[in-house]
Amino acid sequence: LLRQLALAGVNLIADKAYGTKELRQYIEAEGGQYTIPPKSNAQDKWDCDYYVYCERHLIENYFNQLKNYRRIATRYDKLAHVFLQTIYIASILIWLK
């Protein structure tokens, strides 16, 4: 999945489960940065900016609020552009709350 994205200049924020050495090396080789905390049992621990990692919580909360809209959670729309417009409308409604 990451091979489809341009990682140059991107800071990838991920959970501890994605902190494998191969994945971190791939992100660095593509010119990106990562904010992935090490597991508690990791032998070679690396630095992690926990202030940036805490912002991941905001993104998770946003997707949780989107799931409250039944039309989005069940994907009633067949066409991708209609589904995206529905997400835009739901995002505006979340923002206005």
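The values are calculated or read from the model by the stated rules, or taken from the named source; none is laboratory data. Because the structure is a prediction, the values reported are computed rather than measured. Note that we place each Cβ from the backbone using ideal geometry, even for glycine, and neighbour counts take in every protein chain shown.
If the condition is being surrounded by fewer than 16 Cβ atoms within 10 Å (Cβ to Cβ) and within 14 Å of the chain's Cα centre (by Cα), then segment 11-32 contributes N11, D15, K16, A17, Y18. Test A8 against the criterion of being surrounded by 12 or more Cβ atoms within 10 Å (Cβ to Cβ), in a loop (DSSP other than H, G, I, E, B) and more than 15 Å from the chain's Cα centre (by Cα), and give yes or no. No.
Once segment 46-97 is narrowed to residues that are part of a helix (DSSP H, G or I), surrounded by 12 or more Cβ atoms within 10 Å (Cβ to Cβ) and of a type in the set (D, E, K, R), the residue that is farthest from the chain's Cα centre (by Cα) is R71. Of everything in segment 71-96 that's among the hydroxyl-bearing types (S, T, Y) and at pLDDT 90 or above, which residue is nearest to N61 (Cα to Cα)? Within segment 71-96, the match that is nearest to N61 (Cα to Cα) is S91.
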